[in-house]
Amino acid sequence: MINPGEYNFTLFQGADWDRTFTITQASTALNLTGYSAAMQIRTAADSTAYLLSLTNGSGITLGGTAGTVAVAITAAQSSAISAGSYAYDLELTAGAGSVTRLLQGAVNVSGNVTR
């Protein structure tokens, strides 16, 4: 078991956002072939409804042997989230169903002025 990394970020409402993370183990890229990933943003960690949900092929791209996890939020998706502070996490699931939380933290959505 690994402890998730803490990564807080700002999402600018009405703008695209993307980040690529490289997952390593003992300084070597983890082979993510056969894995899946999911990320959700919620008003709070214990909230039942999510504001945004991303999965493989729908906002998340796994880089196989390179060990990369690319996350992309479109301008349309960020526009649909009201300005404020929210919680998120990013989880990785192995082919056998073992789930690891890679990242967690706060998302601050900065309101859009130009529309």
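Please treat every number below as a calculation from the coordinates, not as lab data. The model shown is predicted, which means the values in this text are computed figures rather than measured ones. All Cβ positions, glycine included, derive from the backbone under ideal geometry; neighbour counts span all protein chains shown.
For residues in region 62-102 being free of Cβ contacts under 8 Å to residues at least 24 places away in the same chain and in a loop (DSSP other than H, G, I, E, B), which is farthest from the chain's Cα centre (by Cα)? Checking each candidate, the answer is Ala96. The residues of region 29-47 that are closer than 21 Å to Ala83 by Cβ and among the hydroxyl-bearing types (Ser, Thr, Tyr), listed by number, are Thr43, Ser47.
Of the residues making up region 1-46, those that are without any contact (Cβ under 8 Å) to a residue 12 or more places away in the chain and assigned to a loop (DSSP other than H, G, I, E, B) are Asn3, Ala26, Ser27, Asp46.
Evaluate region 21-32: report whether one residue or more is touching a Phe, Trp or Tyr at 6+ places or on another chain (Cβ under 9 Å) and under 16 Å from Tyr7 (Cβ atoms). Yes, that holds for at least one residue. The set of residues in region 11-25 that are surrounded by 12 or more Cβ atoms within 10 Å (Cβ to Cβ) and over 15 Å from Ala37 (Cα atoms) comprises Leu11, Phe12, Gln13, Gly14, Ala15, Asp16, Trp17.
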